[in-house]
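**Student:** Please find one structure pasted underneath; my questions will follow.
The values are calculated or read from the model by the stated rules, or taken from the named source; none is laboratory data. Source: prediction; values computed, not measured. Cβ coordinates were reconstructed from backbone atoms using ideal geometry, including for glycine residues, and neighbour counts include every protein chain displayed. Side chains included, ligands, DNA and RNA excluded: accessible areas come from the protein's heavy atoms. Shrake-Rupley method; radii C 1.70, N 1.55, O 1.52, S 1.80 Å.
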Amino acid sequence: RSWICSEKEKYTMSGVVGFVVCGSAVGSVRVQRLLYDVHIRSIHAVSRRSLVSLPLVGSSLGRLNVHYGYVTKVRTDKRTLTCAENANSIGSGTPKKILFLGSPDVAALALKTLIEEGCNGSKMQTPIEVVGVISQPPARARRSSKSSLVPLPVHSLALESDELKDKVFTPERVSDRVFLETIRDLQPDLAITAAYGQLLSKEFLAIPKFGTVNIHPSLLPKYRGAAPIPRALQNGEKTVGVTVLFTEFKMDSGDMIAQSSKVLDGSEHTQELLEELFVTGMRMLLENLESIWNGSVVRTKQDDALVTHAKKMTTDDGRVTFTQNAIHVHNQVRAFSGWPGTFCEMELLGENDLAGSGERVKLKVLETKVSRQEGGMKLGVHDVKFDKKLNALIVTCDDGSEILLLKIQPIGKKPMDALSWWNGLRNRRVLRARLPN
């Protein structure tokens with residue numbers, strides 16, 4: 001397993017430009033510069049976590065200092081050649097200790113970015129290491145009360161890592177006093193939160209030396225709270241974004257460090273946006289870490305007059321009735337098709353069946369498109385048509401607007417396109433189910 005960089009890193013040695021070629025733990029490290037060549041034949045005893053000196057074997061006697069897996073100094077009998085990293089190299093010095101808090105899959109993407117581009121990346125001026133990962137406790141799979149407890153995505157990712165599997169915590173209450181002592185013992189320099197799922201107490205927030213920083217997927221101060229992207233899509237926002245901010249006891253109210261926006265084309269769903277925004281947020285945070293360490297970080301206060309809130313989602317958010325405009329239904333599906341899921345009811349009528357007497361079926365609506373925004377009131381139009389060219393079910397809403405159902409999922413079956421579902425109806429007529437009086 002490679003514990004040092006896998007490609008050439010450029011250094012300046014006493015004013016002479018050279019290269020350090022790093023190999024694997026059972027292999028070789030070769031330091032080259034003009035008129036100087038050192039070759040170390042075996043480095044399998046080197047620890048990534050320690051500062052060690054290795055005897056040099058080659059054309060010149062001396063010692064090679066390796067700090068966190070990177071060559072920092074070459075010593076010979078005659079002189080010391082100090083290697084100064086350029087802008088693309090990892091910095092030297094004592095690493096800053098990071099505590100990461102997150103739970104769902106999008107937080108796991110943020111943690112992965114932190115590890116790959118922060119801890120193991122090549123652009124950090126001050127090295128960092130993750131000393132602890134905190135996740136919500138294992139839970140049962142949704143809609144299953146008999147299944148065994150399953151680790152959440154951040155927990156699972158940490159367990160897969162040799163470096164993190166012994167550093168993961170899943171407390172029932174992060175504010176528990178005994179657990180807080182465990183965190184104090186880690187002496188974190190900074191805590192990073194990404195969709196963790198528990199409020200942090202003032203006692204917890206006082207522990208990290210440089211504070212706690214949160215990745216929040218909204219353009220604060222808009223959409224503070226639990227479900228910023230779903231509520232933004234539900235409201236038809238044209239632009240969303242992500243904010244990196246310092247955490248205060250009041251939810252999502254801290255000073256902002258960085259913000260990035262994304263213009264939408266109207267087809268995006270919650271999950272894909274969250275995945276993109278949490279990675280973007282972590283990258284913004286990594287870019288600003290050095291300013292946090294040296295105290296030069298620019299803190300922008302939020303305008304309380306512009307605050308809006310994103311309330312927690314409920315199962316009612318996913319109920320599709322087609323009583324509102326097609327744009328509203330489309331945005332509802334974009335916002336909630338992942339969780340709680342967007343569901344509608346259809347009525348299937350045989351040749352002699354009357355409306356209201358047919359079989360009612362429940363469909364999960366996964367993908368839609370607005371085909372007509374306006375059309376005049378059509379309260380009596382409940383027939384659902386199929387357009388073979390568009391491969392879509394055409395549903396007329398109460399105001400006469402039309403929406404296309406492109407991808408659906410019958411209960412207990414796999415997701416399918418409209419044609420696959422339509423072919424299984426055996427020529428039965430389809431109505432959107434009427435609401436009870």
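**Student:** What's the whole-number percent of alpha carbon pairs in the range 235-321 lying beyond 22 angstrom?
**Tutor:** Roughly 40 percent, once rounded to a whole number.
**Student:** How big is the gap, in Å, between the Cα center of the range 264-328 and the Cα center of the range 95-145?
**Tutor:** Using only Cα atoms, the two centres lie 19 Å from each other.
**Student:** Something else: Spin-label point model (7 Å from Cα, Cβ direction): what's the Glu160 to Ser291 distance in nm?
**Tutor:** 3.3 nm
**Student:** Ala206 to Met251: extension gain in nm, 0.36 nm per residue of separation minus the Cα-Cα distance?
**Tutor:** Length gained, Ala206 through Met251: 14.6 nm.
**Student:** Whenever you get a sec, line up Leu354, Leu406, Leu431 from highest to lowest accessible area (probe 1.4 Å, protein heavy atoms).
**Tutor:** Sorted by accessible area, descending: Leu354, Leu406, Leu431.
**Student:** Which whole-number percent gives the relative contact order of the range 122-260, counting Cα pairs below 8 Å spaced six or more residues apart?
**Tutor:** Worked out over the range 122-260, it gives 17 percent.
**Student:** Which log10 I(q)/I(0) values does the range 248-289 give at q = 0.20, 0.33 Å⁻¹ under the Debye formula, counting every alpha carbon as one identical point scatterer?
**Tutor:** Relative scattering, expressed as log10 I(q)/I(0), comes to -0.79, -1.11.
**Student:** Continuing with the same structure: May I ask you to evaluate 6.51 cos²θ - 1.76 cosθ + 1.60, the Karplus curve with θ = phi - 60°, for each residue of the range 152-168 and list the ³J(HN,Hα) values in order in whole Hz, giving x for glycine and proline?
**Tutor:** These are the phi-based 3J(HN,Hα) values: 6, x, 5, 4, 4, 4, 5, 5, 7, 9, 4, 7, 10, 4, 9, 10, 9 Hz.
**Student:** Compute, for Ser260, the solvent-accessible surface of its heavy atoms (probe 1.4 Å) with the complete set of protein chains present, and express it in square angstrom to the nearest 10.
**Tutor:** Its heavy atoms expose roughly 40 Å² to the probe.
**Student:** How much accessible surface area, in Å² rounded to 10, belongs to the heavy atoms of Glu359 with a 1.4 Å probe?
**Tutor:** 90 Å²
**Student:** Shifting gears a bit: Tell me, what is the FRET efficiency for Lys312 and Met377 to the nearest 0.05, using R0 = 35 angstrom and their Cβ-Cβ distance as r?
**Tutor:** Taking R0 as 35 Å, the efficiency between Lys312 and Met377 is 0.55.
**Student:** Could you tell me the calculated FRET efficiency between Glu172 and Ile411, based on Cβ-Cβ distance and R0 = 41 angstrom, to the nearest 0.05?
**Tutor:** It comes out at approximately 0.75.
**Student:** Under 15 Å Cα to Cα from Lys262, which aspartates and glutamates show up? Leave out anything in the same chain fewer than 8 places away.
**Tutor:** Result set, ordered by chain and number: Glu237, Glu272, Glu275, Glu276.
**Student:** Which whole-Hz couplings ³J(HN,Hα) result when phi for each residue of the range 275-285 is put into the Karplus expression 6.51 cos²θ - 1.76 cosθ + 1.60, θ = phi - 60°, listed in order with x for Gly and Pro?
**Tutor:** 4, 5, 6, 5, 5, 4, x, 5, 5, 4, 4
**Student:** Read phi for every residue in the range 104-112 and hand back ³J(HN,Hα) as whole Hz from Karplus 6.51 cos²θ - 1.76 cosθ + 1.60, θ = phi - 60°, with x for Gly and Pro.
**Tutor:** Rounded to whole hertz, the list is x, 4, 5, 5, 5, 5, 5, 5, 4.
**Student:** With every protein chain left in place, what is the accessible area of Glu272 in Å² (1.4 Å probe, nearest 10)?
**Tutor:** We get 90 Å² for Glu272.
**Student:** How large are Rg and Dmax for the range 122-226 when only the alpha carbon atoms are used, in Å?
**Tutor:** Cα only, the range 122-226: 15.4, 49 Å (Rg, Dmax).
**Student:** Hey, another quick one. Let me check I've understood the local charge: for Leu404, count other residues with C-beta under 13 angstrom from its C-beta, Lys and Arg +1, Asp and Glu -1. What total comes out?
**Tutor:** +2
**Student:** List the residues, sorted by chain then number, that are 5 or more residues from Phe386 or on another chain and whose placed amide H is less than 5 Å from its amide H.
**Tutor:** Ile394
**Student:** So how do Arg429, Arg177 rank on accessible area, 1.4 Å probe, biggest first, that is with the largest at the start?
**Tutor:** Largest accessible area first, the list is Arg177, Arg429.
**Student:** Ala258's amide H: which non-local residues (gap 5+, or another chain) put their own amide H closer than 5 Å, with H modeled 1.01 Å from N in plane and none for Pro or chain starts?
**Tutor:** Amide H to amide H, under 5 Å and 5 or more residues apart or across chains, Ala258 pairs with Val244.
**Student:** Given 5 Å bins starting at zero, what is the percent of C-alpha pairs of the range 296-348 in each, up to the one with the largest pair distance?
**Tutor:** Histogram of Cα-Cα distances, whole percents per bin: 4, 16, 18, 16, 11, 8, 10, 7, 4, 3, 1, 1, 0, 0.
**Student:** Excluding residues fewer than 8 places away in the same chain, name every one of the aspartates and glutamates whose C-alpha is closer than 13 Å to that of Lys238.
**Tutor:** Asp265, Glu268
**Student:** If you don't mind, there's one more thing I want to ask. How far is the Cα center of the range 400-437 from the Cα center of the range 185-259, in Å?
**Tutor:** 40 Å
**Student:** Could you state, as a whole-number percent, how many of the C-alpha pairs of the range 141-284 are farther apart than 27 Å?
**Tutor:** That tail contains 31 percent of the Cα-Cα pairs.
**Student:** Using a 1.4 Å probe and counting only protein heavy atoms, arrange Thr270, Thr323 so the residue with the most accessible area comes first.
**Tutor:** Thr323, Thr270
**Student:** Excluding residues fewer than 8 places away in the same chain, name every one of the aspartates and glutamates whose C-alpha is closer than 17 Å to that of Lys362.
**Tutor:** In chain and number order, the partners are Asp316, Asp317, Glu345, Glu347, Asp383, Asp417.
**Student:** Using 7 Å Cα-to-Cβ label points, what is the Arg426/Phe179 separation (nm, one decimal)?
**Tutor:** 5.4 nm
**Student:** Can you give me the long-range amide H partners of Lys407? Hydrogens built in the peptide plane at 1.01 Å from N, cutoff under 5 Å, separation of 5 or more residues or another chain.
**Tutor:** Distant-sequence amide H within range of Lys407: Leu366, Glu367.
**Student:** A further question on this structure: Please work out the FRET efficiency for the pair Asn120 and Gln271, using the Cβ-Cβ distance as r and a Förster radius of 30 Å; give the result to the nearest 0.05.
**Tutor:** 0.65
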